Every structure is written in structure tokens, then in C-alpha cells.
Amino acid sequence: MGPVGAGKSFFIDLLTNQKGRRARDELRSSMDSVQATRINHPKYGDRIILVDTPGFDDTSRSDMQILEVIGKWMTQTYADHVKLSGIVYLHRITDNRMGGSQCRNLRTFGELVGDNAMKNVILVSTMWEKVNPAIGKKREEELRERFWKLMVDKGSRTDRLEKNTMEEAWRIVEQVVTEREQREAILLQEEVVNLGRKLNETQAGRNLYNPFQKLLYEQRAFLKGLIEQMKKPGEDEVKRRLELEAVRIEESFRQTFDEAKKLRVQFGWRILLLFLGTKRRVTLPQE
């Protein structure tokens, strides 16, 4: 697991000794679903299944849609009495800072896994060949001491993919394979299957609440500003562009609102609806 572009498909390519087969453009997610690959290992036979998940922060789908894809696969397998031996969470060591979306995705991941299964997680930094070792080490220390600290305190391990080789990838994975008898159901599986919660009622689903709230208010404020600009005297061409931008922002607002409704969290929906109205559309003011 991990954000888009962290090297998930590339990592599985290394494990299967098929470098370049699955990983195409790592900056753009091309995965529409969870992809499971059974392999024939010299030591473990055909008992190992590698699972590749779509990354959060996708350019074409919301985090809630990604969570739905992952959640559906996770709950179906758990209902069939299948537990994960471990989870490898990948992170680019080339990133010089942890942005807001990366921190949010990490929190969602933590809420998805839960405390009990955290000991089955390995936090792996990738792309070491593209960074100065001293700079990479400093970033790694910051990850462990700050952003990954809560998960490490709950039993997660950290590691590096320093060389892009099959042997190096298997060295990391074998840590959880050899401890497969200690596997635990992740929190998302227990919440949906055992407790009967809907996906938007799980800890991971509720973690998406604040970002939706912030985005809605930002879109609302921007749209209000555009409408005020359109009321001022000015050239027709400028007003036409403002109208097109206002229509685009309004549609984006409605899409965000539809996604947020799935969470069924009350934080003033009626007030927001009063601003746009159920049938309101942006129009140019009359001269």
C-alpha cells in the first residue's frame, strides 16, 4: 500500500522478477481495482499472494472512492476467513517534505489498519538511488521520529529498499511471511464484517471528514468571490470567463458535496445548501 507514485507496482515487479511489467507511469495511477497475484516461490510454494492496491491521492478519483475499492476487497477476503500476513507501506524518500495530502493518507492508512494489526506493517522508503544518502538518512530519521512514530510505537517496523533487486524486495517481505501465524484482522475488516458498520462509519471513512469539510468551505468562498466580481462593471469577455470559472467551481462543489454525503457526518449541510440552493445556477448579472 501507499500513495500514488510510491512504487507499489514496481515493488511487486521486483518480487515476481518481472521488472517493468506492472509499473508504467508511477506518477499517474492506472489501477482501477485491487490486483492479487499468486506466485510460485522456491521456499514457500504457491501459498504467497501479493496484493497491489490503488493509491490514495489519485488524480482521477477521490480518496473515498479509493477507500471503497480497497474496503470491498478487504472485507470480502476476511468474510472468506482470509487474513493478511502483513502490509508493506511504501514511501518515496525523494520527497523533501510531507504535504497535507500525504499526512492525511497516512492517517487514513493508520485508521484502516488499526492498533492490533500494526505490528504486521513494514514502513518502507523507496527510491534511495535517486537521493544523496546523507539527505535520505536525515529524511528517514524525521519519518521515524515524527510522521511514523505512532505506528512504530504500536509495533510497525521500518526498512529501506536501497537496491532495486528481487533479492532486496524479498528480504523485506520475508519479515512478515516468516511471522504469518501472528497475523491479525485489520480494523477495517473487523468494523465492516464483525460489527456490521458501513464503510463511511469506519474509522478510516470518518478520517476523510475534515478534508471534505475544508474543501467545501474553500470552494464556497471562492465561488462567492467570483459572483461578486461578476457584479462589477467590466468587459463582456472578462465576465464570460468569470462565469465559466464560476460554473466549473460550482460543479466541483457539488461533486465534493456528493462525496461528503457518503460519510453522513453532520457539520452544517443545510447552511451550505442555502448558499447554492437546490436549483440555483450561476448566471451573468443583467446590465
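The values are calculated or read from the model by the stated rules, or taken from the named source; none is laboratory data. Predicted, not measured: the structure shown is a model, and the values here were computed from it. Every residue, glycine as well, gets a Cβ built from its backbone with ideal geometry; the counts of neighbours run over all protein chains shown.
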The lone condition residue 145 fails out of (1) in contact (Cβ under 8 Å) with a residue 24 or more places away in the chain; (2) farther than 23 Å from residue 51 by Cα; (3) more than 19 Å from the chain's Cα centre (by Cα) is (1)
Mind counting the residues in region 73-99 that are under 28 Å from residue 255 (Cα atoms) and in contact (Cβ under 8 Å) with a residue 12 or more places away in the chain? 4
Test for residue 134: is it out of contact with any Leu (no Cβ under 7 Å at 6 or more places or on another chain), under 22 Å from residue 97 (Cα atoms) and not polar (S, T, N, Q): yes
In region 165-182, the residues that are outside any helix (DSSP H, G or I) and either of a type in the set (Asp, Glu) or surrounded by 15 or more Cβ atoms within 10 Å (Cβ to Cβ) (or both): 179
Please go through region 23-39 and give me each residue that is under 22 Å from residue 164 (Cβ atoms) and at pLDDT 65 or above, ordered by number. 35, 37, 39
Which listed residue, of 123, 106, is aliphatic (A, V, I, L, M) and modelled with pLDDT of 90 or more: 123
